[in-house]
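Down below is the structure, laid out as structure tokens.
The values are calculated or read from the model by the stated rules, or taken from the named source; none is laboratory data. In this text the structure is predicted, and so the values were computed from the model without any measurement. For the accessible areas, the whole protein counts, side chains as well, though only heavy atoms, and no ligand, DNA or RNA atoms are used. Shrake-Rupley method; radii C 1.70, N 1.55, O 1.52, S 1.80 Å.
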Amino acid sequence: MALPSVWSVMRVAIPFISVVGLLSVRLVGASQDSGSVIPAESRPCVDCHAFEFMQRALQDLKKTAYNLDTRVRVSTEMLLL
């Protein structure tokens, strides 16, 4: 019975070892905690953040609209004079 050549064994062994290595790294990484965990009671909910963001955006839009309105009035008054 002929023994398999070194190259044919390597062609099977290298991908097998690579797959096993990647799977073990993924499993080890999944079990570790990523950073410190903040308790849910001490952090605001996502809806609260979204609401605050939308409030600030609306205030900025109101300021911009007021500034543009003021500029248009001044420009119109200067054209009428």
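Computed quantities for the displayed model
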read-out: SER5 vs. criteria at pLDDT 70 or above and either open to solvent by less than 100 Å² (accessible area, probe 1.4 Å) or under 23 Å from the mean Cα position of the chain (by Cα) (or both); value: yes
read-out: Only listed residue being at pLDDT below 75 and not β-branched (Val, Ile, Thr), chosen from LEU23, LEU79, LEU68, LEU58; value: LEU23
